[in-house]
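Accompanying notes for the structure given below.
The values are calculated or read from the model by the stated rules, or taken from the named source; none is laboratory data. Small disclaimer: the values here were computed from a predicted structure and weren't measured. Using ideal geometry, Cβ is built from the backbone for each residue, glycine included, and neighbour counts are taken over all protein chains shown.
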Amino acid sequence: MLGLKFETATSWAEIAKNDLREILTDHAYAEQKAASNAISIIMNYSEQTELVKEMALISIEELEHFKMVHDLMVKRGMTLGRASKNDYAAHLQKYFTKTKDRDESLIQRLLIAALIEARSCERFKVFSENMEDQELAKFYNQLMISEAGHYTTFLAFARQYQDRKIVDEKWEGLLKYEGEFMKQRGTSPTVHG
């Protein structure tokens, strides 16, 4: 369903389980960045009423996810660590040629956001299925479903704003680019590491 070109090995789940504070901290900040991205899209494309409505809902949901992760950390006696640089998102942004075309920029942003959500969904699935801790397994299974919804929303909007064939070609290229990058990942307790 997600179309990802590289599947995360279960060994990544082991690495993440062995450093719960780090994975939870990274996850919390990933949710915060996702909320910020949705708000930024609203600010930059305020004339797109349906997009604004959906981005408002996504930003609220992502901030709720941030709170849920933080609450889980507090419940387990952890404190939120500092945010680390997200080289995954930065790498994805390098795929597209920078453009001053506002409409093209929107398509690029939507496709990158869709891919980040798709990879998060896949990682949460791997994590939940390889977790003995039932509370965390259930928690990540529920978040996996939410991320899948966000992925389809971003991709659908990209297809709405540009010819589907063109969007699908860009999407396929971005998936391949990301898949090659992910072959080098899976060694750190971060959502996209």
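Quick notes on this structure:
- Taking the range 94-110 as the range and being part of a helix (DSSP H, G or I) and either loosely packed, with under 13 Cβ neighbours inside 10 Å or in contact with a Phe, Trp or Tyr (Cβ under 7 Å, 6 or more places away or on another chain) (or both) as the test, the residues that pass are ARG102, ASP103, LEU106, ILE107, GLN108, LEU110.
- Scanning the range 44-67 turns up one or more residues that are of a type in the set (Gly, Ala, Ser), in contact (Cβ under 8 Å) with a residue 12 or more places away in the chain and assigned to a helix (DSSP H, G or I).
- Selection count where residues are assigned to a helix (DSSP H, G or I) and in contact with a helix residue (DSSP H, G or I) (Cβ under 7 Å, 6 or more places away or on another chain), scope the range 120-152: 18
- Test: residue in the range 16-35 that is over 23 Å from GLN142 (Cβ atoms), surrounded by 12 or more Cβ atoms within 10 Å (Cβ to Cβ) and within 17 Å of the chain's Cα centre (by Cα): no
- Meets criteria (of a type in the set (A, V, I, L, M, F, W, C), more than 30 Å from MET131 (Cβ to Cβ) and surrounded by fewer than 20 Cβ atoms within 10 Å (Cβ to Cβ)) for MET43: yes
- Matching residues in the range 111-153 - criterion: being polar (S, T, N, Q), surrounded by fewer than 23 Cβ atoms within 10 Å (Cβ to Cβ) and either under 16 Å from ASP26 (Cβ atoms) or without any contact (Cβ under 8 Å) to a residue 60 or more places away in the chain (or both): SER128, GLN134, ASN141, GLN142, THR152
- Some residue of the range 77-88 being under 15 Å from the mean Cα position of the chain (by Cα), among the aromatic types (Phe, Trp, Tyr), outside any loop (DSSP other than H, G, I, E, B) and crowded, with 17+ Cβ neighbours inside 10 Å: yes
- Only one of GLY186, GLY193 that is in contact with an Asp or Glu (Cβ under 9 Å, 6 or more places away or on another chain), in a loop (DSSP other than H, G, I, E, B) and under 17 Å from PHE6 (Cα atoms): GLY193
- Those residues of the range 1-14 which are surrounded by fewer than 18 Cβ atoms within 10 Å (Cβ to Cβ) and either touching a strand residue (DSSP E or B) at 6+ places or on another chain (Cβ under 8 Å) or in a helix (DSSP H, G or I) (or both), in sequence order: THR10, SER11, GLU14
- Options GLN162, GLN184: the member that is modelled with pLDDT of 95 or more and of a type outside the set (Ser, Thr, Tyr): GLN162
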